[in-house]
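Colleague: Mind looking over this structure? Questions follow.
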Amino acid sequence: MSNTVDDKIKTFDTRTDANVPIESPLAYTYRRSGAPAPDKNSQAVLHERPFLGHLTLRGGAIVLDEALRSVLDMSLPAEPQSLLFDASGERSVQWISPDEWLLIVPGGEEFELENRLREALGDAHFAITNVGGGQTVVDLEGEAASELLMKSVIYDVHPQHFPVGKGVTTVFAKATVILRRPSETRWELVVRRSFADYVYRWLLDAGAEYGIGVQR
């Protein structure tokens, strides 16, 4: 079993009083399907960012926006299908539906953050769900990243239709992903853990003509 940082981290399990290894959603896939390293000819590069904190926020936009401002100094996106990052670029909030937003933060922050948001929201009608255990983030970069996505998703990813700061839920092959564009050169796919292997192998196959590589 690989012992690289990308494959696993250590977490304290209070039930057994032991350090228990937790593998990323793609750790088994790397061992089974391989992870070709990028080279000078790679026009697309894939990189998983596991173990981030994912919180789904539901409720009224006004009260959630006020709570988010007070706790993280961030605002909810003002427009549908929009994505906002904080000044560090490490925390993001995305509009998912009229009363639902996805908040992604560095791993380890989510538990305290959830409690602080609940305290700030008080008696308001809301729901906060920690969904980090069931999702992972896959980055896709390179000059052929957009072309690779055109082969994979049904949504129009042309730059004129999908500018930086946009995020949508869409069909990826026979799976569903949240597709985000945080910068001109980088795309993010928020993938369910159960679909991670499928999405990874699809990208390796569809990206073969671009010399796709995997950064670990």
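Colleague: Where does the chain land at 222 nm, in deg cm²/dmol rounded to the nearest 500, when only DSSP H runs of n ≥ 4 count, each adding -39500 (n - 2.57), divided by all residues?
Modeller: The per-residue figure over the chain is -6500 deg cm²/dmol.
Colleague: Moving on. Under the classification rounded if a/c is under 1.5, otherwise prolate if a/b is larger than b/c and oblate if not, where does region 169-216 fall, given a ≥ b ≥ c as square roots of the Cα gyration tensor eigenvalues?
Modeller: It comes out oblate by the Cα gyration axes.
Colleague: Now, a different point. Shape verdict for the chain, please, from the Cα gyration tensor: rounded (a/c under 1.5), prolate (a/b greater than b/c) or oblate.
Modeller: It is oblate, given that a/c is not under 1.5 and a/b is not larger than b/c.
Colleague: Just to be sure I follow the rule: in the chain, considering lysines 8 or more places apart or on different chains, how many pairs have Cα atoms under 25 Å apart?
Modeller: Close lysine pairs found across the chain: 4.
Colleague: Kindly report, to the nearest 10 Å², the accessible surface of Arg49 as traced by a 1.4 Å probe over protein heavy atoms only.
Modeller: Number for this one is 70 Å².
Colleague: Ok, one more. Can you pull the one-decimal nm distance between simple spin-label points at Asp123 and Ser82, each 7 Å off the Cα toward Cβ?
Modeller: 3.2 nm
Colleague: On to the next question. Mind giving me the nanometre distance, one decimal, between the label points for Glu90 and Thr56, set 7 Å out from Cα along Cα→Cβ?
Modeller: 2.6 nm
Colleague: Also, I was wondering about something else. Under a 5 Å amide H to amide H cut-off, with H placed in plane at 1.01 Å, what residues pair with Gly213 once short-range neighbours are removed?
Modeller: Ala44, Val45, Leu46
Colleague: Rank Met74, Met150 by accessible area, highest first, at a 1.4 Å probe radius?
Modeller: Met150, Met74
Colleague: Where is the GNM fluctuation largest for the chain (alpha-carbon springs, 10 angstrom cutoff): Gln160, Gln81, Gln43?
Modeller: Highest fluctuation of the listed residues: Gln160.
Colleague: Using only the heavy atoms of the protein chains and a 1.4 Å probe, how would His54, His161, His47, His125 rank by accessible area, largest first?
Modeller: His125, His161, His47, His54
Colleague: Pull out a ≥ b ≥ c, the square roots of the eigenvalues of the alpha-carbon gyration tensor of region 12-136, then state rounded if a/c is under 1.5, prolate if not and a/b is larger than b/c, and oblate in the remaining case.
Modeller: The shape class here is oblate.
Colleague: Using only protein heavy atoms and a 1.4 Å probe, report how much of Asp73 is accessible, in Å² to the nearest 10.
Modeller: 130 Å²
Colleague: Cα centroids of region 62-103 and region 21-53: how far apart, whole angstrom?
Modeller: 28 Å
Colleague: Using only the heavy atoms of the protein chains and a 1.4 Å probe, how would Ile62, Ile22 rank by accessible area, largest first?
Modeller: Ile62, Ile22
Colleague: Tell me the net charge near Gly132. Cut-off is 11 Å between Cβ atoms, Gly132 excluded, with +1 for each Lys or Arg and -1 for each Asp or Glu.
Modeller: Around Gly132, the charge tally is -2.
Colleague: May I ask for the net charge around Ser92, where only other residues with Cβ less than 11 Å from the Cβ of Ser92 are counted and Lys, Arg are +1 while Asp, Glu are -1?
Modeller: It works out to a net charge of -1.
The values are calculated or read from the model by the stated rules, or taken from the named source; none is laboratory data. Bear in mind the structure is a predicted one, so any value in this text is a computation, not a measurement. Neighbour counts are summed over all protein chains in view; Cβ atoms, including those assigned to glycine, are modelled from backbone coordinates with ideal geometry. These accessible areas exclude ligands, DNA and RNA; they are computed on the full protein's heavy atoms, side chains included. Shrake-Rupley method; radii C 1.70, N 1.55, O 1.52, S 1.80 Å.
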